[in-house]
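In what follows, a single structure is set out as structure tokens and then discussed.
The values are calculated or read from the model by the stated rules, or taken from the named source; none is laboratory data. None of these values were measured; they are calculated from a predicted model. Using ideal geometry, Cβ is built from the backbone for each residue, glycine included, and neighbour counts are taken over all protein chains shown.
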Amino acid sequence: MKQPRFNQQSRFQRLDFLENPNIGVFCKTTDETCIIRKALPKKILKRVSAALQTKFIELQMVDATIVGSLLVCNKHGAVVSNIVREEEIRVLEDHGFNVVSIEDKYNAVGNDILVNDVGGLIHPRLGEKTISLIEDALDITVQKGTIAGLENVGMAAVATDKGLLCHPKVTDEEKKVLENVFQVPVMIGTVNHGVPLIGSGLVANSHGAVVGSLTTGIEMGRIVEALQLD
């Protein structure tokens, strides 16, 4: 497996956010827009920009930096937890997102929902009203399911319009569901030196990827292959 080269202009960046390699907790991206926590150094933002080739929305939600756990988005819109404030929703709307806020027992939407521009997999205990709101906002059809038996599917995988990388213990049946829902090839892998929760340490779109600083070269090579970024 060919391992990627890293430099300041690379589409494959390996870094941390203020010494935290769990970058997926603090960031979400589409092919056009990256929503990222506030107060990161400019040199970090430049490296993320080099990889993802997007514009930025620097955002803090409910006085927290964990924007990657509190929202999910694709090119059609964004879904946020109902604890997110109106002024924060307006920021997203001002940048062109059709935003819906969901009120559900399971409302850490970035952890519980996995989407690309084609489809979505969601926490199996989300309510029917919530499902309808998600489908309307993101203009996709979603399906309830698990990955490796985990209900927090947004943390168990990362999906783009080119590929999907997921938890290494995904079952054959779950993999078939993922391929059908997202209409992309599905591969298994890890991040940050063996962590199976892909969404915690990887942010990616069709242009490139940003991974946690502990991610090995072999793991990065797997990411590049799975998401077809070479």
Please go through the stretch 212-224 and pick out each residue that is assigned to a helix (DSSP H, G or I) and either more than 23 Å from K28 (Cβ to Cβ) or touching a Cys at 6+ places or on another chain (Cβ under 9 Å) (or both). G217, I218, G221
Please verify whether the stretch 37-59 includes one or more residues that are in a helix (DSSP H, G or I) and hydroxyl-bearing (S, T, Y). yes
When only residues in the stretch 127-161 that are within 15 Å of A108 (Cα to Cα) and polar (S, T, N, Q) count, which is modelled with the lowest pLDDT? T130
So how many residues does the stretch 78-93 have that are outside any loop (DSSP other than H, G, I, E, B) and either surrounded by 23 or more Cβ atoms within 10 Å (Cβ to Cβ) or at pLDDT 95 or above (or both)? 11
Inside the stretch 36-62, the number of residues satisfying the requirement of being closer than 16 Å to G24 by Cβ and modelled with pLDDT of 95 or more is 10
How many residues, within the stretch 94-121, are within 13 Å of the chain's Cα centre (by Cα) and crowded, with 24+ Cβ neighbours inside 10 Å? 10
Among the residues of the stretch 117-159, what is the count of those that are closer than 13 Å to K175 by Cα, of a type in the set (A, V, I, L, M) and touching a Lys or Arg at 6+ places or on another chain (Cβ under 8 Å)? 2
Among what's in the stretch 52-77 and is touching a Leu at 6+ places or on another chain (Cβ under 9 Å) and of a type in the set (G, A, S), pick the residue that is nearest to E135 (Cα to Cα). G77
Mind checking which residues of the stretch 17-30 are buried (at least 18 other Cβ atoms within 10 Å of the Cβ), out of contact with any Leu (no Cβ under 6 Å at 6 or more places or on another chain) and either among the polar types (S, T, N, Q) or in a loop (DSSP other than H, G, I, E, B) (or both)? N22, T30
Flagged in the stretch 133-153 as more than 17 Å from the chain's Cα centre (by Cα) and hydroxyl-bearing (S, T, Y), in numbering order, are T141
How about the stretch 125-188: which strands (runs of 3 or more DSSP E) wholly inside it have at least 3 residues that are surrounded by 20 or more Cβ atoms within 10 Å (Cβ to Cβ)? 157-159, 164-166
Filtered residue count, the stretch 60-77, keeping only those that are assigned to a strand (DSSP E or B) and touching a Ser or Thr at 6+ places or on another chain (Cβ under 9 Å): 4
